[in-house]
Structure formats: C-alpha cells, structure tokens
Amino acid sequence: MSIYKEFKMELAAGKRSAAFPDQLQPDEYGLVYVGGELTVSTVLEAYTKGSFPWTGSRPIPWFSPDPRLLLYPKDFKPSKRLRRCFRQNRFHIRCDTAFRAVMRACAAIPRPGQPGTWITANMIDTYSRLHDLGIAHSIEVYDGENRLAGGLYGLCLGRVFFGESMFSRVPNTSKLALYALCNLLLEKDFHFIDCQQVTGHLMRLGAVPVRHNQYMETLRKGLDQDHLSGSWEGEVV
C-alpha cells in the first residue's frame, strides 16, 4: 500500500489527527489558513483539501485561489515552433533524474515583481521526501551537453498532477517540459494538472480557470481514482 493510500485511510478513519478543518474557504486573496508545520503529512492533507503552502516561511500561509487554473492534458496547445522543437530532439527530456536540482533551479530563477523565492530550504527538504516516496516528480530538459536547461516539478495524488513551479535557462525549455508532462499524463489517464494561479501565459497554452466549488468537485473525482506511486525515472517522454 502506498503512503498516500495509507494516509487517506487513516485520516478518514480518524486514526490520524487532521491539521486543517475539512472545509477550507478562501478569503478574497485565496488564503485559507495560517500556521502549522511543513511536513509530508500536512502537505498531503492540504492538497487533498484543495490548498497548498504559499511558502515554507513561518507562519506558513496555505492558499486555495478562487478561481483556480486547471490544464487538461488533452487541451494543451503547443505552438508550431514548440512542436518543431519537440520533434527535432535538440533537447533530451527525462523524468525524476534530478528532482532537487529542478527545485533549486526554480528557486533561483529571477521572476518579474518578485524580490526573492517562496521555495525555501524546508520546502525543498519536504518535497524531496515526497519525491523519495514516489509522490513528487520532476520533468527535466537537458541540452546537447547534458546541462539542465529547464524543467518543472509537482505532486501526483490519485490521477491529479499538482504543478508547483517550472524554470527555463534556455528559451522554451519549461514549455517543452510541460508538453512532455501532458503527453505522459495522457498515457497515464490523469484527469488534470492543477496550475494553481491564473496566468495569461498558461491560459494561452490551454489552461482554464474554474471557481472554487467546481475545483473541489473536480479534485474529489481525481483523488478518488487509483493512485500511481513510484518513480517515473525511465518513462519515455
């Protein structure tokens, strides 16, 4: 039995103390809770209740944005240039070969309007433990000299992929990682990618915003499906 299935059963049976209320209603900014610890258990519980940690800095803010941005893998819209780049095999795409390196790269990439990063050291440690448990995954894009050029990471629970962050050191490599992820999730019959925040960039790639109530119902259906635990290393993308 996977740790996620065990966690769900214990939580439902009352054998595990809940860290959050069952009904987390976002305020106007999407905030649902402040406090608690950043652990494997609290992260799993938060995601199953529709929220996620905004940062690992204390007091930890937990968010559930309304609206929420979802990307259905079949609806991904790659540009002609991206399709061509994907076919040319200029880059090599792999899964789960450099999870911590991807997280560190996501933390280090400068982002407009952000003075620092929300990806704190304790977040890297916690999500890396989730990776070791076969729950968190990374997609890596390497250039011809085997240098990490771009990628993304996130969590897999049930048949839902929760996208956390992505980065590019070379133009379009984060999009290549997302393209590869969508192809992989289609093969695995995943319901959707939770992109968390509404951005024009992701909407142009096919993501759509949904209201909180609709998101929670869609999430429930995705989490009720069989959970695929274990490493994705060696998957063909």
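The values are calculated or read from the model by the stated rules, or taken from the named source; none is laboratory data. Being a predicted model, the structure only gives us computed values, none of them experimental. Cβ coordinates were reconstructed from backbone atoms using ideal geometry, including for glycine residues, and neighbour counts include every protein chain displayed.
Tabulated data
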{"quantity": "Selection count, segment 37-80, where residues are closer than 17 Å to ASN122 by Cα and in contact with a helix residue (DSSP H, G or I) (Cβ under 8 Å, 6 or more places away or on another chain)", "calculated": "11"}
{"quantity": "Pair list, Cβ under 8 Å, 6 or more apart: segment 205-232 residue in a helix (DSSP H, G or I), other residue acidic (Asp, Glu)", "calculated": "HIS212/ASP66; TYR215/ASP66; LEU219/ASP194"}
{"quantity": "Selection from segment 62-73 of residues that are among the polar types (S, T, N, Q) and surrounded by fewer than 19 Cβ atoms within 10 Å (Cβ to Cβ)", "calculated": "none"}
{"quantity": "Scan of segment 108-142 for residues that are out of contact with any strand residue (DSSP E or B) (no Cβ under 7 Å at 6 or more places or on another chain), small (Gly, Ala, Ser) and either surrounded by 18 or more Cβ atoms within 10 Å (Cβ to Cβ) or at pLDDT 95 or above (or both), ordered by number", "calculated": "ALA121, SER128, GLY134"}
{"quantity": "Within segment 33-56, considering residues that are among the hydroxyl-bearing types (Ser, Thr, Tyr) and over 20 Å from ASN213 (Cβ atoms), the one surrounded by the fewest Cβ atoms within 10 Å (Cβ to Cβ)", "calculated": "THR39"}
{"quantity": "Residue among ASN146, ASN122, ASN183 that alone is on the phi > 0 side of the Ramachandran plot and of a type in the set (S, T, N, Q)", "calculated": "ASN146"}
{"quantity": "Members of segment 162-181 that are part of a strand (DSSP E or B) and in contact with a Leu (Cβ under 6 Å, 6 or more places away or on another chain)", "calculated": "PHE162, MET166"}
{"quantity": "Some residue of segment 42-58 being free of Cβ contacts under 8 Å to residues at least 40 places away in the same chain and touching a Pro at 6+ places or on another chain (Cβ under 6 Å)", "calculated": "no"}
{"quantity": "Number of the exception - PRO59 against (1) surrounded by 13 or more Cβ atoms within 10 Å (Cβ to Cβ); (2) farther than 24 Å from LEU178 by Cα; (3) in contact with a Gly (Cβ under 9 Å, 6 or more places away or on another chain)", "calculated": "(1)"}
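For (1) of a type in the set (Phe, Trp, Tyr); (2) outside any loop (DSSP other than H, G, I, E, B); (3) farther than 22 Å from LEU38 by Cα, each residue gets a yes or a no:
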site	(1), (2), (3)
ASP66	no, no, yes
LYS74	no, yes, yes
LEU82	no, yes, yes
CYS85	no, yes, yes
ARG94	no, yes, yes
VAL102	no, yes, no
ALA105	no, yes, no
